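Quick notes on the structure that follows.
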Amino acid sequence: MKKYFTQVLLLVMAVATFPACREASRIPEPATESIPLIIPEINPQKSYFDYPSARNSITTQTTTGTPRPVFEFVVNPSQGYSELQTVEVYKSFRRNNILGPRVKVTDLTSFPATVTINSQDAIKDLYPNSPTTANPAPTPVLATSPGARNNMLNGEAVVFTFEYIMKDGRRITLTPLSTTAGTVGAPIGTFINAPYAAVAEFRI
């Protein structure tokens, strides 16, 4: 008899949980949204900056008439294309796999869009690191004195990253900015790496 009552009690408890299960099933699933994905298509004929030419100063380049090396890539967003209003393009200098502060390059509003930039324009306004207490005035990558060579080494790079502005006014932040001393204002995260970023190396 005691066994019978125990079984009945367990059955009542099990039935009592049914309404709770039904209520839980009414909780809506978290909203999901697809956003455009950009895999920049780099022109194989203009896929890096020739280091010796890029290293030369403005004065040398002007005197010899040698053209600056050029880097070129195409931006063509995938899914969510119709909701995208603007792609903001930024650049940062990469030294020892650490990025310096980012600088805006341009806004793109129609796609596919081609971005073409020479080595001198690419390093303009860029710094390998942000100011710190110990180094309040870091050296810019672009040479500032006549005849001096630009301040980059073979293997360093300019990294182009992207942010989105949607048609409803929302900003999609792909690369949060660092607050760490020496890299303040530099983009961080997965999207600073290829294939999501366009990486223009200086190489021989």
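So which of GLY189, GLY155 is among the small types (Gly, Ala, Ser) and more than 20 Å from PRO40 (Cβ to Cβ)?
On the way: GLY189 fails: more than 20 Å from PRO40 (Cβ to Cβ).
Result: GLY155 is the single residue among GLY189, GLY155 that is among the small types (Gly, Ala, Ser) and more than 20 Å from PRO40 (Cβ to Cβ).
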For this session: Identify all residues within region 24-51 that are open to solvent by less than 60 Å² (accessible area, probe 1.4 Å) and either within 16 Å of ALA157 (Cβ to Cβ) or at pLDDT 95 or above (or both); write none if there are none.
Result: PRO40, ASN43, SER47, PHE49, ASP50, TYR51
For this session: State which residue is surrounded by the most Cβ atoms within 10 Å (Cβ to Cβ) when the search covers only region 107-116 and only residues that are among the hydrophobic types (A, V, I, L, M, F, W, C) and without any contact (Cβ under 8 Å) to a residue 60 or more places away in the chain.
Result: LEU108
Problem set entry | Candidate set: region 61-88, residues that are modelled with pLDDT of 95 or more and aromatic (Phe, Trp, Tyr); chosen: the one farthest from ALA143 (Cα to Cα) | PHE73
Exercise. Out of the residues in region 150-174 that are assigned to a loop (DSSP other than H, G, I, E, B) and without any contact (Cβ under 8 Å) to a residue 60 or more places away in the chain, which is farthest from ASN97 (Cα to Cα)?
Worked result: GLY169
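Between LYS104, LYS91, which is under 18 Å from GLU163 (Cβ atoms), open to solvent by 80 Å² or more (accessible area, probe 1.4 Å), modelled with pLDDT of 95 or more and in contact with a strand residue (DSSP E or B) (Cβ under 8 Å, 6 or more places away or on another chain)?
LYS104
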Seminar exercise, completed: Flagged pairs (Cβ under 8 angstrom, 6 or more apart or on separate chains; first in region 175-204, under 29 Å from PRO52 (Cβ atoms) and in a strand (DSSP E or B); second open to solvent by 80 Å² or more (accessible area, probe 1.4 Å) and of a type in the set (Phe, Trp, Tyr)) are ALA200/TYR48; GLU201/TYR48; PHE202/TYR48; ARG203/TYR48
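Return yes or no: is GLY155 among the small types (Gly, Ala, Ser), surrounded by fewer than 17 Cβ atoms within 10 Å (Cβ to Cβ) and in contact with a Ser or Thr (Cβ under 7 Å, 6 or more places away or on another chain)? Explain how you work it out, then say what you get.
Values: among the small types (Gly, Ala, Ser): yes; surrounded by fewer than 17 Cβ atoms within 10 Å (Cβ to Cβ): yes; in contact with a Ser or Thr (Cβ under 7 Å, 6 or more places away or on another chain): no.
It is false that GLY155 is among the small types (Gly, Ala, Ser), surrounded by fewer than 17 Cβ atoms within 10 Å (Cβ to Cβ) and in contact with a Ser or Thr (Cβ under 7 Å, 6 or more places away or on another chain).
The values are calculated or read from the model by the stated rules, or taken from the named source; none is laboratory data. Here the structure is a predicted model, which is why all the values come from computation and not from measurement. All Cβ positions, glycine included, derive from the backbone under ideal geometry; neighbour counts span all protein chains shown. SASA here: full protein model, heavy atoms, side chains in, ligands and nucleic acids out. Shrake-Rupley method; radii C 1.70, N 1.55, O 1.52, S 1.80 Å.
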